[in-house]
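What follows is a set of notes on a single structure, which appears directly below.
Derivation of every value follows stated rules applied to the coordinates shown; laboratory data play no part. Everything quoted here is computed from the prediction, not taken from an experiment. We place every Cβ from the backbone using ideal geometry, glycine too, and count neighbours over all the protein chains shown.
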């Protein structure tokens, strides 16, 4: 009986010391502020890689079974319209409106 009590106490001490040593490892900064800063840094790097991201805006709608597609180039301010064709791969973007501001 005495050996089982001593072995139980030793087991509890070993288990407690295990949790203490595992919990004492280096803590990461996981505050909300640090996570948001990491996300912001990632987004800046991704946007910096691709200058064309977010440049074009596409608007599509249909009126009486006719489909219209417009494309706005936000960098230049030019508006294009997709000329319909019998086959989709033959459609061509034509300039509808030039920029309403001077290009830098």
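With both labels modelled 7 Å from their Cα along Cα-to-Cβ, the residue 43 to residue 22 distance reads 3.6 nm. Straightening the chain between residue 32 and residue 68 buys 8.5 nm, computed as 0.36 nm per residue apart minus the Cα-Cα spacing.
Within the range 56-97, all pairs of alpha-carbon atoms sorted by distance into 10 Å bins from zero give the percentages 29, 53, 17, 1. Among 1, 96, the ranking by other beta carbons within 10 Å of each residue's beta carbon, starting with the fewest, stands as 1, 96.
Between residue 57 and residue 81, the contour length at 0.36 nm per residue exceeds the alpha carbon distance by 7.5 nm.
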